[in-house]
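First comes the structure, then the notes that go with it.
The values are calculated or read from the model by the stated rules, or taken from the named source; none is laboratory data. The model shown is predicted, which means the values in this text are computed figures rather than measured ones. When we count neighbours, we look across all protein chains shown, and the Cβ atoms used for this are built from the backbone with ideal geometry, even at glycine.
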Amino acid sequence: MSQHPFEAFREKRKQANERVLETEHLGIKRFFGIDSACYRDGALSGKTKELLGLVASMVLRCNDCIDYHLEQYVQAGYSNAELEDAMNVALVVGGSIVIPHMRHARMSLDFLLAERDGGTHVESEA
């Protein structure tokens, strides 16, 4: 059985992050730390910040970033309505160039939800 593209993304991201973080460069290490800290609860909840990250990633057209934030989405238990509302904001802000990335997001999300639900995910407005 071949590996799903999302599983390949996870593996590649993990390996690449490990390789990057082997550096002794303080600026790189600090930036990675800032990136992690950015999504913790503050004046905005971490959950809200993940949606902001997803919208920004879609507008900036970064599928790797979209996949990362979608995985956080599934772990945080967002509803489809919340996600679709955030994706609509990305579409309105970014315009039609966001459509291919919305397609990518939908396919990644379908995989993540099926994985979470043991392969039995049925599309709903959960």
Do we have Asp41 as modelled with pLDDT of 95 or more and either hydrophobic (A, V, I, L, M, F, W, C) or more than 22 Å from His101 (Cα to Cα) (or both) here?
-> yes
Could you list, in sequence order, all residues of the range 26-46 that are more than 22 Å from Gly77 (Cβ to Cβ) and either in contact (Cβ under 8 Å) with a residue 60 or more places away in the chain or surrounded by 10 or more Cβ atoms within 10 Å (Cβ to Cβ) (or both)?
-> Ile28, Lys29, Arg30, Phe31, Phe32, Gly33, Asp35
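Confirm whether Phe6 is farther than 25 Å from Gly95 by Cα, in contact with a helix residue (DSSP H, G or I) (Cβ under 6 Å, 6 or more places away or on another chain) and either of a type in the set (A, V, I, L, M, F, W, C) or modelled with pLDDT of 95 or more (or both). Spell out how you get there, then give the answer.
Values: farther than 25 Å from Gly95 by Cα: yes; in contact with a helix residue (DSSP H, G or I) (Cβ under 6 Å, 6 or more places away or on another chain): yes; either of a type in the set (A, V, I, L, M, F, W, C) or modelled with pLDDT of 95 or more (or both): yes.
When the stated conditions are applied, Phe6 passes them.
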Looking at the range 14-48, which of its residues are touching a Phe, Trp or Tyr at 6+ places or on another chain (Cβ under 7 Å) and assigned to a loop (DSSP other than H, G, I, E, B)?
-> Leu21
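Here is a yes/no grid of residues against (1) more than 14 Å from the chain's Cα centre (by Cα); (2) surrounded by 11 or more Cβ atoms within 10 Å (Cβ to Cβ); (3) closer than 22 Å to Phe111 by Cβ; (4) not small (Gly, Ala, Ser):
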{"residue": "Ser2", "(1), (2), (3), (4)": "yes, no, yes, no"}
{"residue": "Glu7", "(1), (2), (3), (4)": "no, yes, yes, yes"}
{"residue": "Arg13", "(1), (2), (3), (4)": "no, yes, yes, yes"}
{"residue": "Arg19", "(1), (2), (3), (4)": "yes, no, no, yes"}
{"residue": "Glu22", "(1), (2), (3), (4)": "yes, no, no, yes"}
{"residue": "Thr48", "(1), (2), (3), (4)": "no, yes, no, yes"}
{"residue": "Val74", "(1), (2), (3), (4)": "no, yes, yes, yes"}
{"residue": "Gly77", "(1), (2), (3), (4)": "no, no, yes, no"}
{"residue": "Leu83", "(1), (2), (3), (4)": "no, yes, yes, yes"}
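To keep it simple, each residue is scored yes or no on (1) within 14 Å of the chain's Cα centre (by Cα); (2) within 19 Å of Lys12 (Cβ to Cβ).
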residue: Lys29; (1), (2): no, no
residue: Gly33; (1), (2): no, no
residue: Tyr39; (1), (2): yes, no
residue: Ser57; (1), (2): yes, yes
residue: Ile66; (1), (2): yes, yes
residue: Ile99; (1), (2): no, no
residue: Arg103; (1), (2): yes, no
residue: Glu115; (1), (2): no, yes
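What tally of residues in the range 24-38 results from selecting those that are of a type in the set (Ser, Thr, Tyr) and at pLDDT 95 or above? Working first, answer last.
Initial filter on the range 24-38 (of a type in the set (Ser, Thr, Tyr)): 36.
Those left that are additionally at pLDDT 95 or above: none.
Within the range 24-38, residues that are of a type in the set (Ser, Thr, Tyr) and at pLDDT 95 or above number 0.
Mind listing whichever residues of the range 20-39 are of a type outside the set (Ser, Thr, Tyr) and farther than 19 Å from Cys62 by Cβ?
As a first pass, look at the range 20-39 and keep what is of a type outside the set (Ser, Thr, Tyr): 20-22, 24-35, 37-38.
Within the range 20-39, Leu21, Glu22, Glu24, His25, Leu26, Gly27, Lys29, Arg30, Gly33, Ala37 qualify.
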